[in-house]
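Everything below concerns the one structure shown next.
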Amino acid sequence: MGLSGLDIYKLLPKTNCRECGFVTCLAFAMQLAKRQVSSEKCPYLSDEAKRTLESASRPPIKLITIGEGDGKLEIGNETVMFRHEEKFHHPCGLGFIIEDNLGDKEISETIKKINALNFERVGCMLRPDLIAIRQNGNTDRFVQAVKAVREQTSMNLMLMSKDFKAQQEALKLVSSARPLVYCLDKDNYQEFSSLISEFKVPVVVCAQDLSGLSEITQNLINQGIEDIVLDTGKKATTEKIWEMTQIRRLSLFRSQRSLGFPSLVIVENRADPFQETLTAITYIAKYAGIVLISGNETWEALALLTLRQNIYTDPQKPLCVEPKIYPVGNVNNNSPVLITTNFSLTYYTVLGEVEASKVPSYIVASDTEGMSVLTAWAAEKFTAETIAATLDKCNIKDSVSHRRLIIPGYVAVLSGELEERSGWQIIVGPKEASGIPSFLKNL
Amino acid sequence: MGIELIYQKWSGKINEVTIGSESKAVKIGGQNSLPFLFKEGGLPNRPRIAFEIWDVPPQDWPDELRRPYGGVLEDVIKWAERCQEEYKAEIICVRLLGAHPDLGNKPSAEEARLVELLLQKVAVPLIILGCGDDQKDNELMPVCCQAARGKRCLVGSAVQDNYRTLTAAVLADGHNIIAESPIDINIAKQLNILISDMGLAQDRIVINPTVGALGYGLEYAYSIMERARLAALSGDKMLAMPFICFVGQESWRAKEAKALETEFPQWGPQRERGIIWEAATAVAFLQSGADILVMRHPESVNCVRDYINVNYQDVDS
Ligand code: SF4
């Protein structure tokens, strides 16, 4: 992105030696600009030229990895302003701030609470990604706290301290876990950049405005530090939305390298956890790469993780389950058979209610290409014909000795035709899944 | 290094719709900018919250939601008064569910008298919703519109297969209309065209994009709203209507909002969970352009109202 053939030509040796397979350096440059060849074909590129070409070929918003292993957090590499234009690619990280001046026991209790914040929704596990340890007192206490947190959680870490010594000692302990360092600002970045280069960890750059940010990041990029996350500090929500929108626009539309990184927002409102949650909701929707909060209540985490799942769902590919028979509980050949769609949300909602009913049953998920009951019915993906075909194909008749099928209340109109086509007796179930337990119990 | 910001200039503008009459009238819409981007254009009217009330006592509302309305759920007038006086409602949205053939089949004339009484007792603007049965609504809504003649209510809902009777009534008695489409931008636009073709002014139409709750398909309507808003700001007049989002109705169907802690211990206490579920759904839709949020729990309303007031503090109300 960004560089024209002529821009690239200026970086080449201009000797026309032909070793790249092209007659002239210019011809090679033109192909490079179209990304038809790799720059490695020219053996005479200077290091500076290599770096420029490499950074020009990276995506407009760099992918940043925090942590390592299965639970690592990857953010950035976003390509659009609005999810319908393609999709949002890398779900923003959710993290919690822990103060290092809490007692060891309190820290343990907080971590225990955070570790327990796992929720299963629509077949996916939702969990937060980060714990940030913030320095309040002396160096030793910070290092101790980092050590304690590291020992008690596998979650990714963030080190919040402007004390060089504290960062250095903490990084010696945990740099293999690729923690995120917070933060470099205009006063300390010259000094801290050596630390970042030495330990090769991602870093947050903080400045009050975009020009200030850009100045620091450009400096770091020149030093080869490119695992950067941006923070514009604490300010009013609307101001933040504006800045995050600008950062996204400038990196996507103008290939502004110095801002081509994900952003981090700290949302702290201990006095009003509801407002803290609502502010965090805002940034999950509008372009944050990481949202850090101070509260760790279950309801707050559940709401934020659910919104993240919603916003980062691929709009072109609804979440589906495999179309097949799902036995629920200890089924036998007399168990009821319910049919629904293979849209994950529908299926899991029905599954939850069938489980709650404690009546062992079969759920048949019909292939509606991931549409919900009413949408699929309107689009003719959930009709007497398709349902009859599904019953045939999945061989449910081998699993039960009866021929009674429960259909969703919303498609009651299908009963007659479906009975004719399938030979099954049709029982109209409730419209809403929440009616399933009492329906099954009274069957 | 100076950074030159990117300003997007739009040729289109969302229609400004006035709901209610006299001093308590409320204006919505009128923006020529995406939500909260105050530096890029005008957002003259803050989003508004309407309290949803019913003419019959709701059977399926969870206890947490019934508690704030203790003693008034049986009496819609008292219910409305509580919303207005205690909870400082800016708009009240009455759903005439009792007229539904399966839910009491109240005669239309009785409902019209109720609307008249509400208008006497309640000073804030009124949203009037039918019972959801097309046939009954086509008889019910014209008499209710007439009873509220000149009060410039917002009345719903017109749908693609049933919009004529309601549009004619709204037109005759000087109200605004809710045009409801099933999470479909083409149907939304088509319906706006059909309604306008009958002679109703474009600034009398509000789009109901049929939202889902947090965790229950929220993202579908969210993106439909973003697409419609972008189209409107780019000049498509047939999508340049404000949005009304029925957030309360959807949120309180979610298990996460209504399940007791005893059922799902891993979800923690129900009270905060229910309140935040509705409030979070509302705030998510504010990001995609909601102009009216129809909500239920007074605590959720408080949270969202605080959020709006803080973020719109530089705009006159
Ligand atoms: S190999 Fe390099 S120097 Fe030689 S012609 Fe190709 S681009 Fe030019």
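The values are calculated or read from the model by the stated rules, or taken from the named source; none is laboratory data. This one's a predicted model, so the numbers in the text were calculated from it and none came from an experiment. FYI the Cβ positions are ideal-geometry reconstructions off the backbone, even for glycines, and counts take in every protein chain you see. For the accessible areas, the whole protein counts, side chains as well, though only heavy atoms, and no ligand, DNA or RNA atoms are used. Shrake-Rupley method; radii C 1.70, N 1.55, O 1.52, S 1.80 Å.
Of everything in region B:101-146, what is open to solvent by less than 40 Å² (accessible area, probe 1.4 Å) and of a type in the set (S, T, N, Q)? Give them in sequence order.
The answer is B:108, and nothing else.
What number of residues in region A:69-90 are more than 30 Å from residue B:185 (Cα to Cα) and modelled with pLDDT of 95 or more?
4
Just wondering, is there one or more residues in region A:123-132 that are open to solvent by 10 Å² or more (accessible area, probe 1.4 Å), at pLDDT 95 or above, touching a Leu at 6+ places or on another chain (Cβ under 9 Å) and part of a helix (DSSP H, G or I)?
no
Starting from residues that are under 17 Å from the mean Cα position of the chain (by Cα) and open to solvent by 10 Å² or more (accessible area, probe 1.4 Å), keep the ones in region A:291-309 and report whichever is farthest from the other protein chains (Cβ to nearest Cβ).
Only one residue tops the list, namely A:308.
Scan A:218, A:256, A:190 and give me the residue that is loosely packed, with under 15 Cβ neighbours inside 10 Å, touching a helix residue (DSSP H, G or I) at 6+ places or on another chain (Cβ under 6 Å) and in the same structural domain as residue A:103 (by TED's automatic domain parsing).
Going through A:218, A:256, A:190 in turn, the sole match is A:218.
Limited to region A:24-53, what total is found for residues that are among the aliphatic types (A, V, I, L, M), farther than 12 Å from residue A:5 by Cβ and either within 14 Å of chain B (Cβ to nearest Cβ) or within 8 Å of the ligand (Cβ to nearest atom) (or both)?
Going through region A:24-53 one residue at a time, the tally reaches 1.
Which number in (1) over 30 Å from residue B:181 (Cα atoms); (2) at pLDDT below 95; (3) crowded, with 17+ Cβ neighbours inside 10 Å marks the one condition that residue A:376 misses?
Single failed check for residue A:376: (1).
Condition check ((1) within 21 Å of residue B:26 (Cβ to Cβ); (2) modelled with pLDDT of 95 or more; (3) open to solvent by less than 10 Å² (accessible area, probe 1.4 Å); (4) away from chain A (no Cβ under 13 Å)) across all residues:
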| position | (1), (2), (3), (4) |
| --- | --- |
| B:239 | no, yes, yes, yes |
| B:244 | yes, yes, yes, yes |
| B:248 | yes, yes, yes, yes |
| B:283 | yes, yes, yes, no |
| B:290 | yes, yes, yes, no |
| B:313 | yes, no, no, no |
| B:317 | yes, no, no, yes |
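Looking at A:361, A:399, which one is open to solvent by less than 20 Å² (accessible area, probe 1.4 Å), more than 13 Å from chain B (Cβ to nearest Cβ) and of a type in the set (Ser, Thr, Tyr)?
Only one candidate qualifies: A:361.
Among B:91, B:49, B:77, which is the only one that is within 14 Å of another protein chain (Cβ to nearest Cβ) and among the β-branched types (Val, Ile, Thr)?
Every option except B:49 fails the conditions.
Here are A:65, A:15: which of them is away from chain B (no Cβ under 14 Å) and within 15 Å of the ligand (Cβ to nearest atom)?
Going through A:65, A:15 in turn, the sole match is A:15.
To keep it simple, each residue is scored yes or no on (1) more than 14 Å from every other protein chain (Cβ to nearest Cβ); (2) modelled with pLDDT under 95; (3) open to solvent by 10 Å² or more (accessible area, probe 1.4 Å); (4) out of contact with any helix residue (DSSP H, G or I) (no Cβ under 6 Å at 6 or more places or on another chain).
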residue: A:314; (1), (2), (3), (4): no, yes, yes, yes
residue: A:317; (1), (2), (3), (4): no, yes, yes, yes
residue: A:323; (1), (2), (3), (4): yes, yes, yes, yes
residue: A:340; (1), (2), (3), (4): yes, no, no, no
residue: A:348; (1), (2), (3), (4): no, yes, yes, yes
residue: A:371; (1), (2), (3), (4): no, yes, yes, yes
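Within region A:179-226, track down each residue that is among the polar types (S, T, N, Q) and farther than 19 Å from residue A:66 by Cβ.
A:188, A:190, A:194, A:208, A:211, A:214, A:218, A:219, A:222, A:223
Please work out which one of (1) within 14 Å of chain B (Cβ to nearest Cβ); (2) out of contact with any helix residue (DSSP H, G or I) (no Cβ under 6 Å at 6 or more places or on another chain) is the condition residue A:332 fails and give its number.
Here residue A:332 clears every test but (1).
On the basis of being open to solvent by 10 Å² or more (accessible area, probe 1.4 Å) and under 29 Å from the mean Cα position of the chain (by Cα), does residue A:208 make the cut?
When the stated conditions are applied, residue A:208 passes them.
Among the listed residues A:103, A:137, identify the single one that is farther than 25 Å from residue B:222 by Cα, open to solvent by less than 40 Å² (accessible area, probe 1.4 Å) and at pLDDT below 95.
Testing whether each residue is farther than 25 Å from residue B:222 by Cα, open to solvent by less than 40 Å² (accessible area, probe 1.4 Å) and at pLDDT below 95 leaves just A:103.
Only one residue in A:133, A:225 is touching a helix residue (DSSP H, G or I) at 6+ places or on another chain (Cβ under 6 Å) and farther than 21 Å from residue A:96 by Cα, so which one is that?
Among A:133, A:225, only A:225 is touching a helix residue (DSSP H, G or I) at 6+ places or on another chain (Cβ under 6 Å) and farther than 21 Å from residue A:96 by Cα.
Looking for something closer than 15 Å to residue A:261 by Cβ, of a type in the set (S, T, N, Q) and within 14 Å of chain B (Cβ to nearest Cβ) - is there at least one such residue anywhere in region A:199-217?
The answer is yes, given that some residue of region A:199-217 is closer than 15 Å to residue A:261 by Cβ, of a type in the set (S, T, N, Q) and within 14 Å of chain B (Cβ to nearest Cβ).
Hey, residue A:79 hits all of (1) within 30 Å of residue A:342 (Cα to Cα); (2) among the hydroxyl-bearing types (Ser, Thr, Tyr); (3) within 16 Å of the ligand (Cβ to nearest atom) but one; which does it fall short on?
For residue A:79, the failing item is (3).
Return the only residue of B:157, B:181, B:196 being polar (S, T, N, Q), crowded, with 22+ Cβ neighbours inside 10 Å and away from chain A (no Cβ under 14 Å).
Of B:157, B:181, B:196, the one residue that is polar (S, T, N, Q), crowded, with 22+ Cβ neighbours inside 10 Å and away from chain A (no Cβ under 14 Å) is B:157.
Residues of region A:48-77 being in contact with a helix residue (DSSP H, G or I) (Cβ under 7 Å, 6 or more places away or on another chain), surrounded by 15 or more Cβ atoms within 10 Å (Cβ to Cβ) and not small (Gly, Ala, Ser), which ones?
Correct list: A:52, A:53, A:60, A:61.
Give me the pairs, please: first residue somewhere in region A:16-30 and of a type outside the set (Ser, Thr, Tyr), second residue anywhere and near the ligand (Cβ under 6 Å from one of its atoms) and in a helix (DSSP H, G or I), beta-carbon distance under 9 Å, and either six or more positions apart or on two chains.
Listed by first residue and then by second, the contacts come to A:16/A:25; A:17/A:25; A:20/A:28; A:21/A:28; A:22/A:28.
If you scan region B:250-270, which residues turn out to be more than 11 Å from chain A (Cβ to nearest Cβ) and farther than 25 Å from residue B:222 by Cα?
B:260, B:262
Here are A:71, A:95, A:21: which of them is part of a loop (DSSP other than H, G, I, E, B) and in the same structural domain as residue A:288 (by TED's automatic domain parsing)? Spell out the reasoning first.
Values: A:95 fails: part of a loop (DSSP other than H, G, I, E, B); A:21 fails: in the same structural domain as residue A:288 (by TED's automatic domain parsing).
After applying the criteria, what remains is A:71.
What is the residue count in region A:249-262 for residues that are within 10 Å of another protein chain (Cβ to nearest Cβ) and not hydrophobic (A, V, I, L, M, F, W, C)?
Within region A:249-262, residues that are within 10 Å of another protein chain (Cβ to nearest Cβ) and not hydrophobic (A, V, I, L, M, F, W, C) number 4.
Filter the strands (runs of 3 or more DSSP E) completely within region A:351-443 down to those with at least 2 residues that are without any contact (Cβ under 8 Å) to a residue 24 or more places away in the chain. Walk me through how you get there before you give the answer.
Values: elements: A:361-366, A:404-407, A:425-428.
Qualifying strands (runs of 3 or more DSSP E): A:425-428.
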